[in-house]
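> Structure in C-alpha cells, see below.
The values are calculated or read from the model by the stated rules, or taken from the named source; none is laboratory data. Everything numeric in this text was worked out from a predicted model, so none of it was measured. Neighbour counts run over all protein chains shown; Cβ positions are idealised from the backbone, glycine included. Ligands, DNA and RNA are stripped out before the accessible areas are found, and what is left, the full protein with its side chains, is counted by its heavy atoms. Shrake-Rupley method; radii C 1.70, N 1.55, O 1.52, S 1.80 Å.
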Amino acid sequence: MHKFGGVYGDLDLIPLGPIDKHITQFLAHDEDAKPIAFVGHMGEDNFEHSIPNAFFAATKPGHPFFYKPLDYVVKHQNEPAFNREPEKLTGPVALRACVKEWQASEGKTHELRVLENGKIYPLNWSGAPKLNWCLCRTHSPWFNEGKCNALYENTAWTITYWTHSWS
C-alpha cells in the first residue's frame, strides 16, 4: 500500500461493484493531493475485531499509515500476549490498535478514513442476523452466494463470507 497505493482485498473479499465508484479520489488525478488511506469497519467500535484486515485502500503511494502495522509487529513480535493468535499481532486486533493510535496522534497530517459499518464488511461475524449468517457463511449447509449478495448489493461495496481458512 505504501509503495504503490491502490486497493488490497483478501481473496475471499468480493466486490459488489466498482470500488472507484465509492472512493472517487481514485479517479481524480491531483498530483498535489496527499494520499488518503481507507479501512473498513465492522460492528461496535469496542469490539477488538472491529477493523478487519481484509481490505485496505490508498488513493496514491506514500501514505505513512502503512508503516504503522509494520512498526506494531516489530514492537510486539517477542511478547507472548501478541503471539497466541494471529489476529493480535498481524490481524484485525493489531490493525484496530494501529488505527486508534493514528487517529489519536498523526491522523491530522495524512487522512485515514474508517469507512462506515456495512460498506466493506456487511456480514458482521459478531452480530449478523441468523438468516444472513446461514445464507452467507460458506460453512453453513444453507450457504447461497447469490441470495447473500442480494441481501447487501444496495448498501455494501464488498462482501466476505469469512471462511477463516487458517483454522
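> Rounded to a whole number, what % of the accessible area of the chain do carbon and sulfur atoms account for, probe 1.4 Å?
Percent of accessible area from carbon and sulfur atoms in the chain: 54.
> Something else: Would you please give the FRET efficiency between HIS139 and LYS100, computed as 1/(1 + (r/R0)^6) with r the Cβ-Cβ distance and R0 = 41 Å, to the nearest 0.05?
0.85
> What is the magnitude of the charge dipole of segment 12-94 about its Cα centre, with +1 placed on the Cβ of each Lys and Arg, -1 on the Cβ of each Asp and Glu, and no other charges, expressed in debye to the nearest 20?
Roughly 140 debye for segment 12-94.
> When the helices in the chain are scored as -39500 (n - 2.57) per DSSP H run of 4 or longer and the sum is shared across all residues, what 222 nm value do you end up with, to the nearest 500 deg cm²/dmol?
After summing the helix terms and dividing by residue count, I get -6500 deg cm²/dmol.
> If you place +1 on the Cβ of every Lys and Arg and -1 on the Cβ of every Asp and Glu, how big does the dipole about the Cα centre of segment 1-154 come out, in debye to the nearest 20?
So the dipole magnitude of segment 1-154 works out to roughly 160 debye.
> Next up: What is the extension gain from LYS3 to HIS22, computed as 0.36 nm multiplied by their sequence separation minus the C-alpha to C-alpha distance, in nm to one decimal?
Contour length minus the Cα-Cα distance gives 4.6 nm.
> Then there's this: I'd like to check one number: the per residue accessible area of the chain, probe 1.4 Å, reported in Å² as a whole number.
With the other protein chains kept in place, the chain gives 56 Å² per residue.
> Along the charge dipole of segment 1-112, which of PRO69, GLY9, ILE36 sits closest to the positive end, that is, farthest toward it, with unit charges on the beta carbon of Lys, Arg, Asp and Glu (+1, +1, -1, -1)?
Going by the Cα projections, it comes out as PRO69.
> With a Förster radius of 25 Å, plug the Cβ-Cβ distance of TYR67 and ALA33 into 1/(1 + (r/R0)^6) and report the FRET value to the nearest 0.05.
Approximately 0.80, to the nearest 0.05.
> Compute the signed sum of charges (Lys and Arg +1, Asp and Glu -1) over the other residues within less than 13 Å, Cβ to Cβ, of LEU151.
Every neighbour counted, the sum reads +1.
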